[in-house]
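Quick notes on the structure that follows.
The values are calculated or read from the model by the stated rules, or taken from the named source; none is laboratory data. Just so it is clear, the model here is predicted, and its values are computed rather than measured. Using ideal geometry, Cβ is built from the backbone for each residue, glycine included, and neighbour counts are taken over all protein chains shown.
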Amino acid sequence: MHELSIAQEIINIVKTSLPDGHQKVKNVKIRVGKLSGVLSDSLKFCFESIIYQTELEGALLVIEEIPVQIKCNECNSISIIDDPFFQCKNCQSFDVQLISGKELEITEIELED
Amino acid sequence: MPVITIERKVLEKNDVIANQNREKFKSKNLFVMNFVSSPGSGKTSLVEKTIEFSRGKFKIGVIEGDVQTNLDAERVNKFNVPVVQIVTNGGCHLEANLVRDAYKNLENEDFDVLIIENVGNLVCPSSYDLGEDIKVVILSTTEGDDKPLKYPAMFRNASVLIINKIDLLPYLDCNIEEMKKNALSINQQLKIFEVSCKTGEGLSEWIEWIQKNVGKS
């Protein structure tokens, strides 16, 4: 549900980042962590719905999904986890810190030539 | 192809206001808790019981968040504590600016602990910092012991888990040990309290824990 307000935030940031007299926006690149609570397909749909018949129409939201990565506080190993267990894959400890997966960032705007 | 590199957080506007809220709360020496859960787990009951059991120990102010109605603020108002209601009109979570504006109505009141009761939803509220010290996730025994695994972001971001409705355990298939194991597998640091807002069981321990945090923010 909150993908709509997130898509609106992305569009606000894009609009304020564009220089005067800019070319048409081709791609907006964002990074979405798997633990960010945002569903990529839903976000794309909301983005396209908002830009329909505006100056941004035709721009694509390009999403880089960031995996959930943890670092073990006991053996220092880094693991990527796919299931919700925050457990070191090397030593099975649950004493781990999150190093990626919560991202929700705009990285680049690509304009047409 | 011309490229503009920006590297900005999508929710930066919210985060900036959340940090302003945090500074403000700190200057008032408030301990601020953001109550999050699915609908019907007992958030408002926990607010009521926390007020009731804290009498004579510390003072509480409340911001109530709901999609519609002032019913929760009316419930809390019966306890004669400062309370303000946010109605999101369909919005599925509270945002930092809503809390900032609501707090303006409480600023001149005298209390030590601010409870923000978020909209009942285990997904969206985990993405929005409100300026709180901690998130408290409430999970009731009727929701099943596998719930933490289904909503890992919320359980990872919370500092405290309140398992409510433990008086119903004899009638349910919920395995409370399994529930705790699942929650701790997501967040080993979670402080867990088992309570019943109906019978009052476990609430004294919860109040003692809050009291330890009062004035420390």
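Worth a mention:
- Answer residue from segment B:162-207, given it is among the charged types (D, E, K, R) and not in a loop (DSSP other than H, G, I, E, B) and is farthest from B:LYS57 (Cα to Cα) among those: B:GLU178
- Filtering segment B:1-52 to residues that are within 14 Å of another protein chain (Cβ to nearest Cβ) and assigned to a strand (DSSP E or B) leaves B:VAL3, B:ILE4, B:THR5, B:ILE6, B:GLU7, B:ARG8, B:LYS9, B:VAL36.
- Screening the candidates B:GLU52, B:GLU7, B:GLU23 for the property of being modelled with pLDDT of 95 or more, closer than 30 Å to A:THR16 by Cα and surrounded by fewer than 16 Cβ atoms within 10 Å (Cβ to Cβ) yields one hit, B:GLU23.
- Single residue of B:LEU114, B:LEU122 found to be in a loop (DSSP other than H, G, I, E, B), out of contact with any Pro (no Cβ under 8 Å at 6 or more places or on another chain) and in contact (Cβ under 8 Å) with a residue 24 or more places away in the chain: B:LEU122
- Of residues in segment B:103-118 being of a type outside the set (S, T, N, Q) and surrounded by fewer than 20 Cβ atoms within 10 Å (Cβ to Cβ), the one farthest from B:PHE31 (Cα to Cα): B:LYS104
- Scan of segment B:138-158 for residues that are away from chain A (no Cβ under 14 Å) and within 13 Å of the chain's Cα centre (by Cα), ordered by number: B:ILE138, B:LEU139
- The strands (runs of 3 or more DSSP E) found wholly in segment A:3-113 and carrying at least 1 residues that are at the interface with chain B (Cβ under 10 Å from one of its Cβ atoms) and more than 30 Å from B:LYS181 (Cβ to Cβ) occupy A:25-33, A:104-111.
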